[in-house]
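The values are calculated or read from the model by the stated rules, or taken from the named source; none is laboratory data. Quick caveat: nothing in here was measured; it's all calculated off a predicted structure. Neighbour counts are summed over all protein chains in view; Cβ atoms, including those assigned to glycine, are modelled from backbone coordinates with ideal geometry.
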Amino acid sequence: MSHRVATIALHTFKECVRERVLYTLVVFALLLIGAAILIGSVSIGIDKVLLVNLGLSAISVFGLLIAIFIGISLVSKEIERRTIYNLLSKPVARYEFILGKYLGLLLTLVVNTGVMTAGFYLTLFYQQRGLGSDDLAPLLSVYLIGLELALVVGVALLFSTLSSPVLSAMFTFCVFIVGNFLDDIQDFGRQVHDRVVGQLANLLYYLLPNFSTFNQITAASHGQRVPAYLVTSSSLYALLYVTILVGAAILIFEEREFR
Amino acid sequence: MVSESETRAARRRKLLLSALLVLALAATLPLRRKLAAESAVSAATPDLLYVTSGQTLRRLCLGYNGLLADLYWTRAVQYFGRQKLRRATEFNALGPLLTVATRLDPQLLIAYRFGAVFLAEKPPAGAGRPQEALALLRRGVVANPDYWRLWQDLGFIEYWDLHDYPAAARAFEIGSERPGAELWMKTLAATVAAKGGRWATSQALWSEIYRQAQNDSIRASAREHLEALRAQEEINHLDILLAEYRKSQGRAAVSLTDLVRAGMLPAVPIDPSGVPYVVGKDGRAAVSPQSRVNLALAQ
């Protein structure tokens, strides 16, 4: 089983790497990180703060774009091209296919995030003429961004098994937006007088992944390290949600009929 | 096979197209000038902030509040610099820009510290709004209770801009109790409480600002204040000598050379910008109109 999943994952990775949009996004992110030095020079006293904020935000935003735009076509492209028939006629279980696809895109994102992080640290090294122990703080923030992207890929994959690429992209983006406002939605649920609306807000709060948990960019820009408990709980939280999302995608895909 | 007439027609087309390209490019020049003039007119209109609530922006920016705060701080710096270049006396957007930046990132210490200086300085050097500067710093100490330098800035504005010496001494005292605070904060609290408003105290405060300035414009401002303080002190001394001259000679001195001739001064003294002091129409010592020293800064 693991061998087949690894093969699909590796093929998915190779397929993703062939996408030109991937390189465009990574190059654009690297340019933006480099531009932080120029932007910092027209301000006062925030050279490093701005570089960390802009660098980590670029890693997060461009990682998000890659996760959404490649994630949505993971399954639907196979169906569109009718290569799914060929694949499923082989001794490959449907859950292995979904798992392999997920891991393949995750690997792509890990490599991309690694490249962007290397670009960020090179820029930081150039700006400060060296690196200190304080500069490790952004690394933990990058790890949390990675967890966030793993969740977004899970959401994109789930919608990819259900819907067309355009709709999947819209749904995934909406889930990401709503997932950033969950605390406000809960507050709204508490303040609203309508009981049904209140319960609906509460349901959304517990059902959707809370993406704001993973955002520690501002703290990292001030050299504050992410506390160990937050790293552990966020990792566990992401793992549980990824299990739920990939599990749901497998369940839907298992039931799907291809004619 | 392509006939000769077809080749000639193709060459003509190419030439025509090239000429058209050059003409089009030439036509953009007046258009570009017109657009530049129009944008200059629009740039002269008052600065507007479409979203003035930092809390709202913080919610809308999907967690990228740190980056947005940096951009708002940069906007505040640019706005302040632009208004100063225009010699404008109105800095209406400065306060809201700083408020938004610090609401987006309450740990953006630089925005509290320099922002307060920009707001408190008297026009034309700054916005002349010390109360807004105090409000900004008070929000800063709430968000960063352990950062003693914000208390130092608070005390400084109470002392220099509002002349509230007991409040300044209190701020220095509280700041001196914060972790990492330097020892001179305690001394400063005691000095300000005992000798608030005196020249030596003001000089000590500005010297400290000059010593720890991390930015050229703040350092230059501190130097100008120190020069003004020194010039004011020297003028006070010259006024005493002029009064003595009037008493002993029975007439007022027309220039400081009269004091030199009377042996009261070894030479005509020069101010910190290197220009000799003069005697004004009112018979009192003053800085020359050619001097760079801005005595208003010493008030």
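Miscellaneous remarks
- Residue in region A:53-60 that is closer than 26 Å to A:S212 by Cα, surrounded by 15 or more Cβ atoms within 10 Å (Cβ to Cβ), in contact with a helix residue (DSSP H, G or I) (Cβ under 8 Å, 6 or more places away or on another chain) and without any contact (Cβ under 8 Å) to a residue 40 or more places away in the chain present: yes
- Among the candidates A:F188, A:F173, A:F253, A:F181, the residue that is modelled with pLDDT under 90 and more than 27 Å from B:T102 (Cα to Cα) is uniquely A:F253.
- Test result for B:A76, crowded, with 20+ Cβ neighbours inside 10 Å, in contact with a Leu (Cβ under 9 Å, 6 or more places away or on another chain) and away from every other protein chain (no Cβ under 11 Å): no
- Condition check for A:S60: over 25 Å from A:A118 (Cα atoms) and of a type in the set (S, T, N, Q): no
- Boolean, A:T243 is within 14 Å of chain B (Cβ to nearest Cβ) and among the β-branched types (V, I, T): no
- Test for A:L162: is it surrounded by fewer than 20 Cβ atoms within 10 Å (Cβ to Cβ) and modelled with pLDDT under 90: yes
- Failed item in (1) hydrophobic (A, V, I, L, M, F, W, C); (2) closer than 18 Å to B:G115 by Cα; (3) out of contact with any Gly (no Cβ under 9 Å at 6 or more places or on another chain), with B:L150 passing the rest: (3)
- Search result, residues across region A:4-62 that are polar (S, T, N, Q) and in contact with a Phe, Trp or Tyr (Cβ under 9 Å, 6 or more places away or on another chain): A:T12, A:S43, A:N53, A:S57, A:S60
- Helices (runs of 4 or more DSSP H) wholly inside region A:3-86 that include at least 3 residues being within 14 Å of chain B (Cβ to nearest Cβ): A:20-41, A:47-71
- Restricting attention to region A:87-104 and to residues that are assigned to a helix (DSSP H, G or I) and among the aliphatic types (A, V, I, L, M), the residue that is farthest from the other protein chains (Cβ to nearest Cβ) turns out to be A:L88.
- If you go through region A:178-192 and pick out every residue that is closer than 17 Å to B:T56 by Cβ, in contact with a Phe, Trp or Tyr (Cβ under 9 Å, 6 or more places away or on another chain) and more than 13 Å from chain B (Cβ to nearest Cβ), you end up with 0.
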